[in-house]
Amino acid sequence: MMVATLGIALPEIRQTFSLSEVAAGSLFSVMMLVAALTSGIAGRLADKLGRKRILITGLSLLAVGFGCAGVSNQRILFFSFLALTGIGYGFTPPSLYAIMSDLLPHRRGLGASLVSVTYGIGGAVGALLASRISAVYGWRAAFVAVGLIGAADMLLQLYWIRDAHRPRGATHASSFKAALSLSILILAMVEFIGGSVFWSCAAWTPTALRTAKTLSLQETGWIMSLLSIANMLGSFCLGSLSDKLGRRLVITASAFPAALAAFMVFYWLDSAIAIGAGIFVFGVLKASVPALIVALAQETAPAGSAGTAAGIIMSLHYTSGVIAPLIAAKLITATDDILLAMVLVSSVPLVIYGTLVGAVRERSR
């Protein structure tokens, strides 16, 4: 909800603080950079101190940082509170993935996919809520409202989650060095590559559709909505399948068709209906990022290191969120062909992504 609200309110924020386009774009970079730096630490702390403490800390920082950003009047304070929000953004997913791993040790694919599905729902609700509140009361009210929702979420988890009966492995966590196995390092690289597809397509697909495919703003809007729905549906379906057939098989079996679907969407299809159908297939097939990579990493990590594994993977996911859109922009400029550039940042990485996953040894569950 917070990421969607920041995106919706960006034009008004630029006007309030007199920000350039580069400075406005750096608002997301601040959050992602801080989240990338803190995710690995948060995952390790979740293994050593308990999942609940880190989750509550993350939700509290999210609520305080985002709410205070909404009432700050100085640019430096606004950026500082977004950085604080970034710490919460880095703390929350690793601890949440670790909790889901504890709750569903034999169905980690389903547990991780539920996180991705609810993330997508939050983005949709956040965009709707932010647009409504901002139109009536201004962007500051939208920030404060979402901050209050975050605080309410924190209080709910504080009451609901019980750490007293957490698994023994979460208390006696293995060393960080032991968790850095070759498989974890490969999966971290895999997540960076797969995450780059996610972030590059999120950032540049609307522009490609409106300029190169000459679609209207309305057509582009419903196609991007289809992509969001496809990501949620695909994450749930692939997560459930991976519990039955194995993570590696499902990831590799979906990655290569996803690469083909991306090529068809950006290079072959022209009509809005055809592009919509193609992008739905593409969204479903590429939805193994990051949920199934997190689940696979947790299973390859030593006992008691589920949080550390999730933190490492999410750190690379956020890092790709900072770097990948910039690489895509460079390719668009260098090739002077946005459709070719989109193929290079979607189809090609997905082929590498599927190939590298095949090199990871999966433990039998």
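Observations on the model:
- Pick from the stretch 253-281, criterion over 14 Å from residue 237 (Cβ atoms) and of a type in the set (Phe, Trp, Tyr), ranking: surrounded by the most Cβ atoms within 10 Å (Cβ to Cβ): 266
- Only one of the listed residues (22, 3) is under 22 Å from residue 94 (Cβ atoms) and among the hydrophobic types (A, V, I, L, M, F, W, C). That residue is 3.
- Residue within the stretch 44-57 that is of a type in the set (Lys, Arg), open to solvent by 20 Å² or more (accessible area, probe 1.4 Å) and more than 30 Å from residue 184 (Cα to Cα) present: no
- Matching residues in the stretch 217-267 - criterion: being farther than 21 Å from residue 291 by Cα and modelled with pLDDT of 95 or more: 260, 263, 264, 265, 266
- Test: residue 89 is free of Cβ contacts under 8 Å to residues at least 12 places away in the same chain and under 14 Å from the mean Cα position of the chain (by Cα): no
- Within the stretch 137-176, considering residues that are more than 25 Å from the chain's Cα centre (by Cα) and under 16 Å from residue 297 (Cβ atoms), the one modelled with the lowest pLDDT: 169
- Residue among 80, 95 that alone is under 18 Å from the mean Cα position of the chain (by Cα) and not aliphatic (A, V, I, L, M): 95
- Residue match in the stretch 299-310 (condition: touching a Lys or Arg at 6+ places or on another chain (Cβ under 7 Å), in contact (Cβ under 8 Å) with a residue 60 or more places away in the chain and β-branched (Val, Ile, Thr)): yes
- For residue 288, the requirement of being of a type in the set (S, T, N, Q) and either closer than 20 Å to residue 186 by Cα or surrounded by 18 or more Cβ atoms within 10 Å (Cβ to Cβ) (or both) is met.
- Qualifying residue in the stretch 102-109 (condition: among the basic types (Lys, Arg), assigned to a helix (DSSP H, G or I) and more than 30 Å from residue 244 (Cβ to Cβ)): no
- Count - residues of the stretch 90-133 that are aliphatic (A, V, I, L, M) and at pLDDT below 90: 6
- Any hit, the stretch 58-65, residues being modelled with pLDDT under 95 and surrounded by 21 or more Cβ atoms within 10 Å (Cβ to Cβ): no
- Any pair with Cβ under 8 angstrom, 6 or more apart, that starts in the stretch 27-44 at a residue that is more than 19 Å from residue 13 (Cβ to Cβ) and of a type in the set (D, E, K, R) and ends at one that is open to solvent by 10 Å² or more (accessible area, probe 1.4 Å) and assigned to a helix (DSSP H, G or I): 44/176
- Selection status of residue 15, without any contact (Cβ under 8 Å) to a residue 24 or more places away in the chain and more than 29 Å from residue 225 (Cβ to Cβ): no
- Helices (runs of 4 or more DSSP H) contained entirely in the stretch 250-356, each with at least 3 residues that are within 18 Å of residue 101 (Cα to Cα) and among the aliphatic types (A, V, I, L, M): 291-300, 306-335
- Pairs with Cβ under 8 Å, 6+ apart, first in the stretch 210-231 and more than 16 Å from residue 123 (Cα to Cα) and open to solvent by 60 Å² or more (accessible area, probe 1.4 Å), second in a helix (DSSP H, G or I) and polar (S, T, N, Q): 210/220
- Leading residue by the ranking (surrounded by the fewest Cβ atoms within 10 Å (Cβ to Cβ)) among those in the stretch 66-88 that are outside any loop (DSSP other than H, G, I, E, B) and not hydrophobic (A, V, I, L, M, F, W, C): 75
Condition check ((1) under 16 Å from residue 39 (Cβ atoms); (2) of a type in the set (A, V, I, L, M)) across all residues:
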{"site": "305", "(1), (2)": "yes, no"}
{"site": "309", "(1), (2)": "yes, yes"}
{"site": "336", "(1), (2)": "no, no"}
{"site": "339", "(1), (2)": "no, yes"}
{"site": "345", "(1), (2)": "no, yes"}
{"site": "348", "(1), (2)": "no, yes"}
{"site": "353", "(1), (2)": "no, no"}
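- The condition (being in contact with a Gly (Cβ under 9 Å, 6 or more places away or on another chain), open to solvent by 50 Å² or more (accessible area, probe 1.4 Å), touching a residue at least 60 places away in the same chain (Cβ under 8 Å) and over 28 Å from residue 43 (Cβ atoms)) is satisfied by just one residue among 140, 107: 140.
The values are calculated or read from the model by the stated rules, or taken from the named source; none is laboratory data. What you are looking at is a predicted structure, and each value in this text was computed from that prediction instead of being measured. Here Cβ is always computed from backbone atoms with ideal geometry, including for glycine, and neighbour counts include all displayed protein chains. With ligands, DNA and RNA removed, areas are computed over all heavy atoms of the protein, side chains included. Shrake-Rupley method; radii C 1.70, N 1.55, O 1.52, S 1.80 Å.
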